[in-house]
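In what follows, a single structure is set out as structure tokens and then discussed.
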Amino acid sequence: MLSDSPDPTGDMARPSIESARETASKTLAQLAIGAGLILDEYAERAAAIQQAATTTEIDALQKTGAAGGAPAPVYMAGFR
């Protein structure tokens, strides 16, 4: 799970909100290409990611698909 702020010890395993947004946005873009999201759905999910106040909210958006629909698939880099 992502934290709401960077770890004061410099642990890169706990990204900041900006880093979490960037990662979630990239994942969403890949999902849009692979799953064929319509533009409105992509825009709605991208806006929700940008408006999220914490990394916990971003985690929840990724699990629910941001639009309150079916969960969005989560892929690890290099795996489908």
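The numbers here are math on the coordinates, done by the rules we state, and not lab data. Quantities reported herein were computed from a predicted structural model and do not represent experimental measurements. Neighbour counts are summed over all protein chains in view; Cβ atoms, including those assigned to glycine, are modelled from backbone coordinates with ideal geometry.
Values computed for the structure shown
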{"quantity": "Likely footprinting exposure, Thr27, Thr55, fewest C-beta neighbours within 10 Å first", "calculated": "Thr27, Thr55"}
{"quantity": "For Ile17, Ile38, Ile58, order by how many other beta-carbon atoms lie within 10 Å, fewest first", "calculated": "Ile38, Ile17, Ile58"}
{"quantity": "Approximate shape of region 17-64 as ellipsoid semi-axes (Cα gyration tensor, √5λ), whole Å, largest first", "calculated": "18, 10, 9"}
{"quantity": "Full-stretch length increase - Lys63, Ile33 - with 0.36 nm per residue and alpha-carbon distance subtracted", "calculated": "9.0 nm"}
